[in-house]
Structures are given as C-alpha cells and as structure tokens.
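Asks: Submitted below is the structure of interest, expressed as structure tokens.
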Amino acid sequence: MTLALHTPPPKLDALMNVARRPDAVFTHGHGSWLHDSQGRRYLDLVQGWAVNTLGHAPPQIAAALAAQSQRLLQPGPGFFNDRAAELASRLAALSGLDRVFFTSSGAEANEGAIKLARKFGQVHRGGAHEIVTFENAFHGRTLATMSASGKPGFDRLFAPQVPGFPKARLNDLDSVRALIGPQTVAVMLEPIQGEAGVIEATPGFMQALRALCDERGLLLILDEVQTGVGRTGTLWGFEAAGVKPDVMTLGKGLGGGVPIGALLAREAVCCFEPGDQGGTYCGNPLMCAVALAVLDAVTGAGFLDAVAARSAQLREGLDAIARRLGSPPVVGRGLLLALELPGDDAATRLASTLIARADEAEPGLLVNAVRPRRLRFMPALNVEAAELASALAMLDAAVS
C-alpha cells in the first residue's frame, strides 16, 4: 500500500471558482476510501457523484487503461475502432436498443438525445421540436440541457434559455398530457430525479407515460446518466417499471471514473445523417476499453445480487436513524438513497461536520447534501458490508 505523504497542499487560486468545496485536497484513493494531502482519510459514500462504479482506483480500470494505452489511444471520430464497436454491441445487447453514439459526458449524451429527437421531428412529424421535461429535473450543464432541466434558477442563470422544453410535474400524467401539442416530439425524464433529492418516477407513472407516448406517436427519452449501469440494483433504472425507452442516455457510472457517455436509440429513431452529429473524442478507444471493463464487472455473476444486499443494509441502517429522528422513510433504490433530516440546513451542516471531523486518528465521512435537509448516498457498487456498517455508525453518532 502506498504511504500517505504529508505535503503542503498546492495553491488552488488558479482554479475557477465554480463550486463550494471543503478545504481537503485529495491525492489518492482505493475502493471506498479517499486520502488527502495531510494524511487524513475519508470513507467515501459520494464516489464522484455516482461515478466510481467500482470505487477509487479499481484494478480492472487500471489494467484496461494500461493495456489499451499501448494499443490505440485515438484514431479520430472519422474512423472505426474495435473498442467502440465492441462496447456499442455490448450496450445494444444489454439494453435491447439498437444503435449507440458515444460522448465524453452524460450532458453531451443528453444534448445528443435532444438533437436526435428534433431531427426525428423534422423527418417524421412535420417539424415538431418540443420535448416535454419535468420540474426539478437535471439533465446537464450545456445551454440546451440546462434549458431542458427543471432545476430552480437554471432558467435565469444564462438567459435566454433554449426554447422548446415545457415542464410537467413528475408522477402527474395529466400535467404531461396538458402540454402535448402539434409541436411535441418527445417526453424526457430521469427514472429517479437524483439532483432533486432522489425522487422516483413511480412504476405506474412510467407505464402510463409509455402508453401515452405510444398513443401520440412521441419518443420516450430516459436519462439514465445517474441511474444506469447497476446503480439502482438492476442494470437499467427503467427495469423496475417494466418499460422500454425509445432513446436512453448514459454517463457517470459507465466509465467508472473516466469521461464517457452514450446515446442509445431504437433503429426506427436513428435518423442522423453523416455530419449531423459528432465530436473529437466520441468513441475514444481508451475510454471505451474502460467502459467494457466496468460492464464486465457489473454483469458478472453475483454482482447485482451484492448490490441488492448492500442496498438493503444501507436502507435498514438509514431507516433506523430516520425513525429515531422522526424523519420520513428513506427514498430511492439500489445504492442511490436519500435521508431527510429535521431542521433547516440540517443536511448541509451535517455533511460539513462529517468531513471536517477527519484527523490522523479518525476518518471523515463523505456524504452529499443534495438538498439543505436531504443527504444523498451514492457509494461504490462494490462497497463492503463492513464499510457501510462503519459509515452508518459515524452517521448515527453525528446525528446524536
């Protein structure tokens, strides 16, 4: 094991100020643990915001990077490469969709889904271009995906917005139906609204939405950037509702820590022509090789069963804390869970306390205050039972 080096933290003033970050400067990690420049360690239940599917510095990813970096880094998007072709075939087979376009992030995948839907509207629906999205949704930080998002304040941050994204209310089919008109081409949503505080689209709503889209000839686009690749305990978040999308987007956990996203669609929807879509790094073989290693792990024997077991353990422990605090039951599925805390800014204050408690003797705990009163938990999918037990003990002691 590499020994932690106690070195002065680097100067941080060259970084743009785009987030409120704690003072710790992380230098290395392994599995569920992170270490900072001062030798302090932290049990990480954030994992890059549901990115590190297999934890920090997993050997599968290190091996894939080392092997692929000696074969081929990037031939360019104007040529085929074997890793992109293999990954596309795997994703198509696993999802039941037909074709794949690779991106460098989930936001780019969602941007691609918006473009594909609008092109579909041009070709098949007389120029229809509106996509019904949802209040409190989060689809990314490009101008179009911010406009598609329903996060409060996004509509003013870089105004004017990209038009064409009327907002319905999650789990309210009538609110969707009221927004559908001659210019509507698609409905786009997350199976679980992660940034909204882990708010789930109910199975009944998803099924009714699929039926409504079929009835009106609309595309159903599912943003699985946060819920895909095993995060909810099944390979895809949509499996819980027993529906199938026309278009699906992936990111975050697909790369297990490296930047890759994917846009998947049914054959009948794939109306892009050469030159309509692209990107310098789309289908980069180095990133595709890593994503293949991640898929190998997640689809391996017993992996998702273990996710279900750890989910049950985490939910049981969090529910016990919730009962003691008089809070509602834990929400979410798989290893994407959230706990409501009583008191204004209670989650924000507790998350800060848990990271600040770290010293050379005691570890800190990293959790995400996704809302002022709501903690979100997104551990590595291969987190160990003993690690979750330690995290729950730290959390229980802190709320006491």
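The values are calculated or read from the model by the stated rules, or taken from the named source; none is laboratory data. Computed from a prediction, not measured in an experiment: that's the story for all the values here. Note that we place each Cβ from the backbone using ideal geometry, even for glycine, and neighbour counts take in every protein chain shown.
Asks: How about segment 17-32: which of its residues are in contact (Cβ under 8 Å) with a residue 60 or more places away in the chain and closer than 12 Å to L366 by Cβ? I'd like the intermediate steps shown before the answer.
Replies: Going through segment 17-32, the residues in contact (Cβ under 8 Å) with a residue 60 or more places away in the chain turn out to be 22, 24, 31-32.
Within segment 17-32, P22, A24, S32 meet the criteria.
Asks: Take segment 240-264 and flag every residue that is part of a helix (DSSP H, G or I) and in contact with a strand residue (DSSP E or B) (Cβ under 9 Å, 6 or more places away or on another chain).
Replies: Just the residues of segment 240-264 that are part of a helix (DSSP H, G or I), to begin with: 240-241, 252-254.
Correct list: A240, K252, L254.
Asks: May I pose another question? Would you mind stating whether T53 is modelled with pLDDT of 95 or more, at negative phi and not assigned by TED's automatic domain parsing to the domain that holds R310? Explain how you work it out, then say what you get.
Replies: Numbers: modelled with pLDDT of 95 or more: yes; at negative phi: yes; not assigned by TED's automatic domain parsing to the domain that holds R310: no.
Criteria not met by T53.
Asks: Identify, from the list A168, A144, the residue that is assigned by TED's automatic domain parsing to the domain that holds M206, touching an Asp or Glu at 6+ places or on another chain (Cβ under 6 Å) and without any contact (Cβ under 8 Å) to a residue 40 or more places away in the chain.
Replies: Values: A168 fails: touching an Asp or Glu at 6+ places or on another chain (Cβ under 6 Å).
Only one candidate qualifies: A144.
Asks: Which condition from (1) out of contact with any Leu (no Cβ under 6 Å at 6 or more places or on another chain); (2) without any contact (Cβ under 8 Å) to a residue 40 or more places away in the chain; (3) of a type in the set (G, A, S) is the one that A196 breaks?
Replies: (2)
Asks: Right, something else. May I ask you to say which residue of L292, L337 is in a strand (DSSP E or B) and more than 15 Å from D396 (Cα to Cα)? So that I can check it myself, show each step before the final result.
Replies: On the way: L292 fails: in a strand (DSSP E or B).
Selected residue: L337, the only one of L292, L337 that is in a strand (DSSP E or B) and more than 15 Å from D396 (Cα to Cα).
Asks: Look through segment 82-118, keep the residues that are among the hydrophobic types (A, V, I, L, M, F, W, C) and in a strand (DSSP E or B), and return whichever of them is surrounded by the fewest Cβ atoms within 10 Å (Cβ to Cβ).
Replies: Taking segment 82-118 and keeping what is among the hydrophobic types (A, V, I, L, M, F, W, C), we get 84-85, 87-88, 91-94, 97, 100-102, 107, 109, 113-114, 116-117.
If we keep only those that are in a strand (DSSP E or B) as well, we get 100-102.
Details: V100: 23, F101: 25, F102: 26.
Looking at residues that are among the hydrophobic types (A, V, I, L, M, F, W, C) and in a strand (DSSP E or B), I get V100.
Asks: Right, another one. Quickly run through segment 119-157 and pick out the residues that are among the small types (G, A, S) and part of a helix (DSSP H, G or I). Please lay out each step first, then the result.
Replies: Here is the first cut: in segment 119-157, the ones among the small types (G, A, S) are 121, 126-128, 137, 140, 144, 147-150, 153.
Result: G121, A144, S147, A148.
Asks: Would you mention how many residues in segment 344-400 are free of Cβ contacts under 8 Å to residues at least 12 places away in the same chain, outside any helix (DSSP H, G or I) and among the small types (G, A, S)?
Replies: 2
Asks: Here's a follow-up. Assuming Q38 fulfils every condition listed in (1) over 23 Å from T280 (Cα atoms); (2) in a loop (DSSP other than H, G, I, E, B); (3) under 26 Å from the mean Cα position of the chain (by Cα) apart from one, which condition is it?
Replies: The number of the failed condition is (3).
Asks: Those residues that are touching a Ser or Thr at 6+ places or on another chain (Cβ under 6 Å) and either buried (at least 24 other Cβ atoms within 10 Å of the Cβ) or not assigned by TED's automatic domain parsing to the domain that holds W49 (or both), I need them from segment 363-382; list them, please.
Replies: Step one: filter segment 363-382 for residues touching a Ser or Thr at 6+ places or on another chain (Cβ under 6 Å), giving 369, 372, 380-381.
Matches in segment 363-382: A380, L381.
Asks: Taking the condition surrounded by 17 or more Cβ atoms within 10 Å (Cβ to Cβ), in contact with a Phe, Trp or Tyr (Cβ under 9 Å, 6 or more places away or on another chain) and either under 21 Å from L116 (Cβ atoms) or assigned by TED's automatic domain parsing to the domain that holds A291 (or both), does E195 pass? Walk me through it before giving the result.
Replies: Values: surrounded by 17 or more Cβ atoms within 10 Å (Cβ to Cβ): yes; in contact with a Phe, Trp or Tyr (Cβ under 9 Å, 6 or more places away or on another chain): yes; either under 21 Å from L116 (Cβ atoms) or assigned by TED's automatic domain parsing to the domain that holds A291 (or both): yes.
Here the answer is yes, as E195 does meet what is asked.
Asks: Let me ask another. Take the conditions within 13 Å of the chain's Cα centre (by Cα) and either more than 14 Å from N110 (Cβ to Cβ) or at pLDDT 95 or above (or both) and apply them to G230. Does it pass?
Replies: yes
Asks: Can I ask one more? Which of the residues that make up segment 84-130 are within 20 Å of L235 (Cβ to Cβ) and of a type in the set (F, W, Y)?
Replies: F101, F102
Asks: On to the next question. Sort through L43, L72, L65 and tell me the only one that's at pLDDT 95 or above and either in a loop (DSSP other than H, G, I, E, B) or out of contact with any strand residue (DSSP E or B) (no Cβ under 8 Å at 6 or more places or on another chain) (or both). Show your work before the answer.
Replies: Details: L43 fails: either in a loop (DSSP other than H, G, I, E, B) or out of contact with any strand residue (DSSP E or B) (no Cβ under 8 Å at 6 or more places or on another chain) (or both); L65 fails: either in a loop (DSSP other than H, G, I, E, B) or out of contact with any strand residue (DSSP E or B) (no Cβ under 8 Å at 6 or more places or on another chain) (or both).
So the residue among L43, L72, L65 that is at pLDDT 95 or above and either in a loop (DSSP other than H, G, I, E, B) or out of contact with any strand residue (DSSP E or B) (no Cβ under 8 Å at 6 or more places or on another chain) (or both) is L72.
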